1. Work out how far the C-alpha atoms of the chain reach from end to end along every principal axis, then list the three figures in whole Å, largest first.
2. Positive end of the charge dipole of the chain (Lys, Arg +1 and Asp, Glu -1 on Cβ, about the Cα centre): tell me which of Ala34, Cys10, Gln53 has its Cα farthest that way.
3. So what is the calculated 222 nm ellipticity per residue for the chain, using -39500 (n - 2.57) for each DSSP H run with n of 4 or more, over all residues, to the nearest 500 deg cm²/dmol?
4. Label Tyr4 and Asp29 with points 7 Å out from Cα along Cα→Cβ: what is the distance between them in nm?
5. Taking the Cα centre as origin and putting +1 on Lys and Arg beta-carbons and -1 on Asp and Glu beta-carbons, what dipole magnitude results for the stretch 3-61, to the nearest 20 debye?
6. Angle check, please: helix 44-53 long axis (alpha carbons) against the longest principal axis of the chain (alpha carbons), in degrees 0 to 90, nearest 10.
Amino acid sequence: MRAYVDKDICIGCGLCADICPEIFSMDDDGKAVAAYMVIPDDLIDSAKEAEQQCPVEAIKIE
């Protein structure tokens, strides 16, 4: 599984980075970015929680 952030939708609230900082961070523009890696099994639940908690549904875990 990988995480994707639609930067056109992201409002930069930082919730995803608070929930799962191993996968999500904020870039210089204040938008979320996802680590370009396969999500380790022990982080899948927190990455999915970040996806579910995103207020604008900018995150996809596939």
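1. Largest first, the chain extends 29, 20, 18 Å along its Cα principal axes.
2. Cys10
3. One gets -6500 deg cm²/dmol as the mean residue ellipticity at 222 nm.
4. Computed distance between label sites Tyr4 and Asp29 equals 1.7 nm.
5. Working: 4 positive and 13 negative charges, 26 e Å.
My answer is approximately 120 debye.
6. 30 degrees
Every read-out reported here was derived from the displayed coordinates using simple, explicitly stated rules and does not represent laboratory data. Just so it is clear, the model here is predicted, and its values are computed rather than measured. Counting neighbours? That spans all protein chains shown, and the Cβs are built from the backbone with ideal geometry, glycine included.
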